[in-house]
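A quick write-up on the structure given underneath.
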Amino acid sequence: ARNKIICPGFVDLSARLREPGHEYKATIASETRAAAGGGVTSVCCPPDTTPIIDTSAVAELIHQRALQTNNAKVYCLGALTHGLKGESLAAMHALKVAGCIGVTNGYAPINNSTVLRRALEYAATCNLAVHLYCEDDFLRDGGVVHEGAMSVKLGLGGIPATAETIAVSRALLLVEQTAARVHFCRLSAAKSIGLVAEARDKGLPVTADVSISHLHLTESDLAGFNSLCHLRPPLRTVHDRDELRKALANNVIDAICSDHQPHDEDAKSSPFSLTEPGASTIDVLLSLGLQLVNDNILDLKTVIAALTKNPARIAGLNAGH
């Protein structure tokens, strides 16, 4: 193995496998095969499948099918609220017993702060990490791209950075109150990084990740209504991207994930605002990570840690080391 790099298998904190419910887009077999081919040996699956992972039966089904494929290991994230509706709490203890390594509401908003508080308290008693995607649904207001020069140029509904930062602020105040372990998923705004850094300085039990796409692309890549760059959270400014890179270098952001979301061709061929967000990225996670090293943006040790031991620690997995 001369002149080679030997490291642990990568741990991906968010990859949608589309099974059960959307097998016309992808399957557990196809996506875990792609993951393993790209060096990803452990995959965390969000609960927004059909049916939703809010019962132990669905979690067990996914685990069984992943074992049958014998590719990358699959770990489920259970639903934070029943049906991801943001109204009543899911049976988190039962989900943990079924093998879920954490809980999340995915993209679905929890507008009621009392519900979010109770969810954090319940998760804390179950010793489960809460993976939060932070976005104020009212400020998002149906937007599809970052609110800025490109949204004006393209005439598309914009999502302001404050939609994220306000939601992060609310969550951090509730973390301070409940002492729940919270992992912030797919940060995209520079100001969010500052809020997380301050919270960590206070000793709050919070971590964060960023998608590989947001470390490379910006709102300018939407030019020509490029629906392949329709992502959630939206691609933001060059300044935001550069601050995300710095946060990784400074260990404010712990992990890089693929945020893998395979789609069928029709999902990306409609007018931009009608296309589905997300990109298929699990097979290029390593190559795009190494590109950051080749461009002297991050050092190799930082990139490997952000793909291995750090996400494994967040997920509570005996992996990545």
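Some values worked out for this structure:
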quantity	calculated
GNM result for the chain, Cα springs below 10 Å: residue of Tyr133, Tyr24, Tyr107 fluctuating most strongly	Tyr24
Given Lys85/Lys309; Lys153/Lys246; Lys268/Lys301; Lys4/Lys96; Lys153/Lys268, the pairs whose alpha carbons are separated by over 31 Å	Lys85/Lys309; Lys268/Lys301; Lys4/Lys96
Fraction of beta bridges assigned by DSSP in region 28-107 that are antiparallel (%, nearest 5)	10
Gyration tensor verdict on region 1-128 (Cα atoms; rounded if a/c is under 1.5, prolate if a/b is larger than b/c, oblate otherwise)	prolate
Table column - 3J(HN,Hα) (Hz), region 311-321, Karplus curve with 6.51, -1.76, 1.60, x for Gly and Pro	x, 5, 5, 4, 7, x, 9, 7, 7, x, 9
Portion, in percent, of the accessible area of region 1-140 that falls on carbon or sulfur, probe 1.4 Å	51
With eigenvalues of the C-alpha gyration tensor scaled by 5 and rooted, region 186-253, Å	25, 10, 9
Estimated dipole of region 204-250 in Debye, rounded to 20 [Cβ of Lys and Arg +1, of Asp and Glu -1, Cα centre]	60
Region 162-321 - accessible surface per residue (Å², probe 1.4 Å)	41
Measure of compaction for region 266-321 (Cα Rg per 2.2 N^0.38 Å)	1.56
Surface share of carbon and sulfur [accessible, 1.4 angstrom probe, percent] for region 151-247	56
Residues whose placed amide H lies under 5 Å from that of Lys73, excluding near-sequence neighbours	Ser42, Val43
For the chain: rounded, prolate or oblate by the Cα gyration tensor [a/c cutoff 1.5]	rounded
Added length on full extension, which subtracts the Cα-Cα distance from 0.36 nm per residue, Asn251 to Asn111	47.4 nm
Efficiency of FRET from Cβ geometry, His321 and Thr125, R₀ 30 Å, rounded to 0.05	0.60
Residue-span extension gain [Leu204 to Val97] - 0.36 nm each, minus C-alpha spacing	35.9 nm
Unit charges at the beta carbon, dipole of region 149-205: most positive-side option, Ala163, Gly194, Ser151	Ser151
Among Leu217, Cys44, Pro262 - extreme Cα towards positive end, dipole of the chain, charges at beta-carbon	Cys44
DSSP beta bridges in the chain [antiparallel fraction, %, rounded to 5]	5
Segments 268-274, 113-119, 75-81 sorted - mean Cβ within 10 Å per residue, highest first	75-81, 113-119, 268-274
Net charge contributed by nearby residues that have their C-beta within less than 14 Å of Tyr107 (K/R +1, D/E -1)	-2
Relative contact order (%) - region 100-189, alpha-carbon pairs under 8 angstrom, separation at least six	34
Accessible surface, 1.4 Å probe, highest first, among residues Val152, Val130	Val152, Val130
Distance-filtered residues of region 10-38 - backbone nitrogen under 11 Å, label point 7 angstrom along Asp264 Cα→Cβ	22-26
Proximal aspartates and glutamates relative to Lys202, as straight alpha-carbon distance under 20 Å, when same-chain residues fewer than 8 apart are discounted	Glu121, Glu176, Asp254
Euclidean distance of C-alpha centroids, region 203-258 and region 124-181, integer Å	14
Listed residues His183, His93 arranged by accessible area, highest first, probe 1.4 Å	His93, His183
Potential lengthening between Glu176 and Glu276 on full extension [0.36 nm per residue; Cα-Cα distance subtracted]	32.5 nm
Cα coordinate range in region 173-321, projected on the principal axes (Å, largest first)	46, 35, 30
For the chain, size of Cβ-based charge dipole, Lys and Arg +1, Asp and Glu -1, in debye	840
Cα lying deepest toward the dipole's positive end in region 262-321, options Asn318, Leu288, Gly278, charges on Cβ	Asn318
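The values are calculated or read from the model by the stated rules, or taken from the named source; none is laboratory data. These numbers come from a predicted model, not from an experiment. Neighbour counts are summed over all protein chains in view; Cβ atoms, including those assigned to glycine, are modelled from backbone coordinates with ideal geometry. Note: areas computed on protein heavy atoms with side chains; ligands, DNA, RNA excluded. Shrake-Rupley method; radii C 1.70, N 1.55, O 1.52, S 1.80 Å.
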